[in-house]
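What follows is a single structure, written as structure tokens, with notes after it.
The values are calculated or read from the model by the stated rules, or taken from the named source; none is laboratory data. Note that this is a predicted model, so its numbers are computed, not measured. No Cβ is skipped: glycine too gets one built from the backbone with ideal geometry, and neighbour counts run over all protein chains shown. What goes into the accessible areas is simple: the full protein's heavy atoms, side chains included, and nothing from ligands, DNA or RNA. Shrake-Rupley method; radii C 1.70, N 1.55, O 1.52, S 1.80 Å.
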Amino acid sequence: MNDLSRAELLDHELAEAMDKLVIVKSAIYTSGECDPRDPPQRQDTAGRLHLMGHDPRLPKMPAKPTLFDFFNYRFGPAAHMLQSARLALKNGCNEKVILACLVHDCSAAGFIRADHGYWAAQLIAPYVDEEVAFAVRYHQVLRFYPDEAFGYKYPDSYVRLFGPNYRPEPYLDRAHEYCRNHKWYETARLLTVNDLYSFDPNLQVELKEFTDIVGRNFRQPEEGLGFDNSPSAHMWRTINWPTRYL
Ligand SMILES: [Fe+2]
Ligand SMILES: [Fe+2]
């Protein structure tokens, strides 16, 4: 079978699977695009079942997914995280900082953007050293606050993205204050120093370069991420099966 007929067959199989299913979006996926208080759009559900597992539009994940499986099948382009981790490696940072760089934006890449540092920290917390989760949680906050001692300036890209008059919310001021006085401030700050503002489209960094560092610093659960009953397992399951009805 040539590539074209294979693609046509897959399209056909997908269309058939979709015909049999009712797939709805969680409120958070459409909140803002429409008022969540509006009644949901009516769908013709006659003869169809509500999706309760794998979404046929997505690549299927292994039964026991690893962190790298999430990178490969569920996260958006990860060049930014990979290049940040490579930079931390090149700058001689320790493995905690390198791992933190590798996963720091995983929430923005595969889950939720708003407060992405907090969500990402929660996702990884059961599997990494507390200090790594701390750095990931606070990198989002520290990005807004310069620190000359580390050569960290307010990013030019933020002026472009948010305008010159943007001021962080008071809760971020408080979080910054807290983090600055914390024993792990340096780890979180080093993450922001290596968190690349702009990535190089010509620099190819492979996940496998970090296999050993991840192996030593990320406690991959035997059952697979999402199935180990950890405090964040449900979040990994939601990324795996984002459109399940319940
Ligand atoms: Fe970030
Ligand atoms: Fe980042």
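Values for this structure:
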| read-out | value |
| --- | --- |
| Accessible area per residue in Å² at 1.4 Å probe, computed on region 96-246 | 52 Å² |
| Where only alpha carbons of region 131-187 are counted, the Rg and the Dmax (Å) | 11.7, 33 |
| C-alpha center-to-center spacing [region 201-242, region 1-69] in angstrom | 23 Å |
| Sequence-distant residues sharing a close amide H with V22 (under 5 Å, placed H) | L49, H50, L51 |
| Scattering profile of region 41-158 at q = 0.11, 0.18, 0.20 Å⁻¹ [log10 I(q)/I(0), Debye over alpha-carbon scatterers] | -0.47, -1.02, -1.20 |
| Packing rank of 36-48, 10-22, 76-88, where each peptide gets the mean count of other beta carbons within 10 Å, highest leading | 76-88, 10-22, 36-48 |
| Using θ = phi - 60° and Karplus 6.51 cos²θ - 1.76 cosθ + 1.60, couplings along region 3-9 (whole Hz; Gly, Pro as x) | 4, 5, 5, 4, 4, 5, 4 |
| Global geometry of region 175-243, whether rounded, prolate or oblate, following the gyration tensor of its Cα atoms and the 1.5 cut on a/c | oblate |
| Extension gain (nm, one decimal) between K64 and R167, 0.36 nm per residue minus Cα-Cα | 32.8 nm |
| Solvent exposure ordering (accessible area, 1.4 Å, most first) of H182, H234 | H234, H182 |
| Order of exposure, largest accessible area first, which applies to D228, D195 with probe 1.4 Å | D228, D195 |
| Rounded percent of accessible protein surface that carbon and sulfur make up, region 52-179, 1.4 Å probe | 54 percent |
| Cleavage-rule hits, GluC sites (Glu not before Pro), region 190-246, DSSP coil, Cβ neighbours within 10 Å at most 14 | E206, E222, E223 |
| Heavy atoms of W184: accessible area, 1.4 Å probe, square angstrom to 10 | 50 Å² |
| Per-selection Kirkwood Rh - the chain (Cα, Å, 1 d.p.) | 20.1 Å |
